[in-house]
Amino acid sequence: MLKRLLAWMDRLTQARVRDVAHRHGRRSLLGKLGVALVGGAVLPMLPFDRSGQFGSAQAAEGGHGGPAAKPDPNDPVKCEYWRYCAFDGFLCTCCGGSLTQCPPGTEASKVSWVGTCMNPNDGRQYLVSYNDCCGKGACGNCLCNNNERERPGYRLGVHNDINWCMANTNSMFHCTTSIIVGVA
C-alpha cells in the first residue's frame, strides 16, 4: 500500500514538473531567480519609519502608550539639546567637563567644526563651534550624532566625522564641547 502511494506521488510530481518545464523556459527561471536575489539585496535599503522608537522606549520605562513626550531642547546632557544640531561625539557634560570646558587631563583641539543651530528659546540662529577634547581615550558616555546641515568631507569646517584632534600633540579623542561663537 505504501509503495503504491509513493509511486503515485512520484508520478504526480513528475507530471507537474514536466508541465511547468513545458510552459516556462530556463530563461524565465533565471530571470525570476535574479529578481529574487536583487530584490532580497535591495529590501534592507528601503526606507522605514523609526518614529515609534522613542515611544517604545518610553513605554518600556513605564510610560503610557500615548504620543511620546517631546525631548527637552534645554538639557545639556541630552542629544536633543539645541546646541548639538551638528554634534558628533561624546558629550563633555557627561565626561567630567562642561559645555565649554574640556575635562581635566584633556586639551581642546586646535581645529574644530562649526554648525548653525536655532535656539528655540529666542528663535535666533547661533554659530556653534564644536571642539574635540584630546589627550585621553574615548569617554564612552552620551554618544550623540546629529548631522543637521552637515556638508560632505571636502568642506572640512562643516564636517563632523573627522578626528579633529589630529592637529594636537596627543591625537586621542575623548569628548566634544559646544561653544557659542556668536549670532548667525
In the range 97-140, what residues are surrounded by 14 or more Cβ atoms within 10 Å (Cβ to Cβ) and without any contact (Cβ under 8 Å) to a residue 12 or more places away in the chain?
none
Using the structure shown, decide if MET9 is more than 30 Å from ILE179 (Cβ to Cβ), at pLDDT 75 or above and exposed (fewer than 10 other Cβ atoms within 10 Å of the Cβ).
no
What are the residues in the range 114-144 that are within 18 Å of MET172 (Cβ to Cβ) and assigned to a strand (DSSP E or B), if any?
TYR130, ASN131, ASP132, CYS133, CYS134, LEU143
Condition first: assigned to a loop (DSSP other than H, G, I, E, B), among the hydrophobic types (A, V, I, L, M, F, W, C) and within 25 Å of the chain's Cα centre (by Cα). Now tell me which residues in the range 95-113 satisfy that.
CYS95, LEU99, VAL111
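The values are calculated or read from the model by the stated rules, or taken from the named source; none is laboratory data. Every value quoted in this text rests on a predicted model; they were computed, and no experiment measured them. In this analysis, Cβ positions are derived from the backbone assuming ideal geometry, glycine residues included, and neighbour counts consider all displayed protein chains.
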